[in-house]
1. Residue 12 to residue 58: extension gain in nm, 0.36 nm per residue of separation minus the Cα-Cα distance?
2. Sequence gap at least 6, Cα distance under 8 Å: using those rules, report the relative contact order of the chain to the nearest whole percent.
3. Using a simple spin-label model with points 7 Å from Cα along the Cα→Cβ vector, what separation in nm is obtained for residue 45 and residue 28?
4. May I ask for the angle, rounded to the nearest 10°, between helix 17-37 and the longest principal axis of the chain, with both axes built from Cα atoms and the value confined to 0 to 90°?
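Taken together, the values in this text are just the output of simple stated rules run on the coordinates, not laboratory data. What you are looking at is a predicted structure, and each value in this text was computed from that prediction instead of being measured. Reconstructed Cβ throughout: ideal geometry from the backbone, glycine too, with neighbour counts over all protein chains shown.
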C-alpha cells in the first residue's frame, strides 16, 4: 500500500446531518495534516463519539493526533 487511507464513522448520535458533516470535514482536515507530517502508508478508521460536534476544532485535532501517535507507537513495537 503506497499511500495512507482514512475512513470516518460519524453516527447519528453525534447530531443531525449538519453536525455530522461538520465533524467529518474537521476530521478530513486533521487527516490531511497527519498525512503531510507522517509519510508512512497507514490505514486508519476514526469513529466520532457523541460529543465530537460540541468540542472545538483544536481540541478534536489534539485528541485525534494524540490517538494516532499512540497507535503508531504500538505499531512500531
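1. Computed gain between residue 12 and residue 58 is 14.3 nm.
2. Reported as a whole number, the value is 43 percent.
3. 2.0
4. Approximately 20 degrees, to the nearest 10.
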